[in-house]
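Step one of this worksheet: look at the structure below.
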Amino acid sequence: MIKSALYAAIGFAAISSIALAEDLSSATASLPPGTFTTSAHSDEWKIANALSAGPASITERAAVIDWPSNPNDEMSHGRVLRQGSNGWTCMPDVPGRPQHDPMCVDETMMKWFMATLAGKKPDIDRVGLSYMLMVEARQGQGATPAKDPSQVKEWFHVGPHVMVVLPDSAKDALRGINQDLSNNQPYTTLLSSADVVTPLWVIPVAKGGDRIKEEPAK
């Protein structure tokens, strides 16, 4: 009987480890059709998902924070999932999207996000950078975020990209840049209708639907 219990415990442990591995692999695997990103994941899953947004040279020492539980809260209300030491911060998927969209930002871009989400002027005085190498799905420019993502008639699938924010003094340099999300070309976006917002320059490095896989050096 003891032996049977031992075998059962070993079997349960094996099943649990497989389930865990499957759970973590889903942090970067394509979402099944008709499903959307959600915040209902373990911290380990969110960390794996968040770190997939950037190159290893950035993510290995980056902090990881969760999105605020209340969408109206500032990013400062997001829970710290892992401490970092290089000034970069990675965040897991935004809930309610048809594909993964984690992000890694530097200190300037984080300042931009915190101010923009709060409807404040970011006061950017240097170039900021963000990686989204797991691609992104967005509604149209200026669209009000849908409460029910299944009701969105059209999603724009943007390929792996980097985002750049310019100093306030240089934002006119982006005047006239493409704003079409469907042509795989660099475009500008505000992510907010507030007049004080500095535009972002989104630069795709692959087509929508493509992925970038980082290969170890030989």
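What to note about this one:
- Criterion (within 15 Å of THR198 (Cα to Cα) and aliphatic (A, V, I, L, M)) met by exactly one of LEU81, LEU117: LEU117
- For first residues located in region 114-131 and of a type in the set (A, V, I, L, M), partners that are part of a loop (DSSP other than H, G, I, E, B) and open to solvent by 50 Å² or more (accessible area, probe 1.4 Å) and lie 6+ apart or on another chain with Cβ distances below 7 Å form the pairs MET114/GLU74; ALA115/LYS121; LEU117/GLU74; ALA118/GLU74.
- Scanning region 38-68 for residues being over 15 Å from GLN83 (Cβ atoms) and among the hydrophobic types (A, V, I, L, M, F, W, C) gives a total of 7.
- One residue stands out among those in region 145-163 that are among the small types (Gly, Ala, Ser) and in a loop (DSSP other than H, G, I, E, B): the one that is farthest from LYS207 (Cα to Cα), which is ALA146.
- Hits in region 132-144 (condition: in contact (Cβ under 8 Å) with a residue 60 or more places away in the chain and either in a strand (DSSP E or B) or open to solvent by 20 Å² or more (accessible area, probe 1.4 Å) (or both)): MET132, LEU133
- Against the conditions (1) among the hydrophobic types (A, V, I, L, M, F, W, C); (2) modelled with pLDDT of 90 or more; (3) surrounded by fewer than 19 Cβ atoms within 10 Å (Cβ to Cβ), ALA118 satisfies every one except (2).
- Here PRO33 fulfils each of the conditions (1) of a type outside the set (Asp, Glu); (2) open to solvent by 80 Å² or more (accessible area, probe 1.4 Å); (3) at pLDDT 50 or above; (4) more than 19 Å from GLY96 (Cβ to Cβ) apart from (4).
- Meets criteria (closer than 17 Å to MET103 by Cβ, open to solvent by less than 80 Å² (accessible area, probe 1.4 Å) and modelled with pLDDT under 90) for SER182: no
- Residues of region 105-140 classified as within 28 Å of GLY209 (Cα to Cα) and touching a Ser or Thr at 6+ places or on another chain (Cβ under 6 Å), total: 6
- Of the criteria (1) in a loop (DSSP other than H, G, I, E, B); (2) modelled with pLDDT of 90 or more; (3) touching a strand residue (DSSP E or B) at 6+ places or on another chain (Cβ under 7 Å), which one ARG126 fails: (3)
- Among the candidates LEU166, LEU174, LEU200, LEU191, residue that is in contact with a Leu (Cβ under 8 Å, 6 or more places away or on another chain) and open to solvent by 70 Å² or more (accessible area, probe 1.4 Å): LEU191
The values are calculated or read from the model by the stated rules, or taken from the named source; none is laboratory data. Since the structure is predicted, the reported quantities are computational estimates derived from the model, not experimental observations. Cβ coordinates were reconstructed from backbone atoms using ideal geometry, including for glycine residues, and neighbour counts include every protein chain displayed. Note: areas computed on protein heavy atoms with side chains; ligands, DNA, RNA excluded. Shrake-Rupley method; radii C 1.70, N 1.55, O 1.52, S 1.80 Å.
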